[in-house]
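The values are calculated or read from the model by the stated rules, or taken from the named source; none is laboratory data. Given the structure is predicted, the values throughout are model-derived calculations rather than measurements. Note: ideal-geometry Cβ built from the backbone for every residue, glycine included; neighbour counts use all protein chains shown.
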């Protein structure tokens, strides 16, 4: 199976969907309720998977969530094996993802610049 094949894309989407469900069911207090799975990349041989995790909050919450997910990796793998019929159930590597925070920061900066431009235009018109 090639890396960008249709089959691999479908496997990535299904593992993503089931992983989101399993994470919501976790009872580990370290896993933040505002945790979201950004994407999942399963290797072509189905032995490993990278799950990109984002948390709305501070870096401490993200670190605690990643630690909780790592300690629950066996449970997560078993639940995915029960819900998906794959030849191999991948071992997960949880990677912190900052893309959502980066997007929010960029939106704030764009709004700041547009407000400054708008206030400068209004200031020039009053003179």
Problem set entry | Residues that are closer than 16 Å to residue 73 by Cα and out of contact with any helix residue (DSSP H, G or I) (no Cβ under 9 Å at 6 or more places or on another chain), drawn from the range 25-51 | 27, 47, 48, 50
Exercise. On the given criteria, is residue 92 out of contact with any strand residue (DSSP E or B) (no Cβ under 9 Å at 6 or more places or on another chain), over 19 Å from residue 34 (Cα atoms) and in the same structural domain as residue 35 (by TED's automatic domain parsing)?
Worked result: no
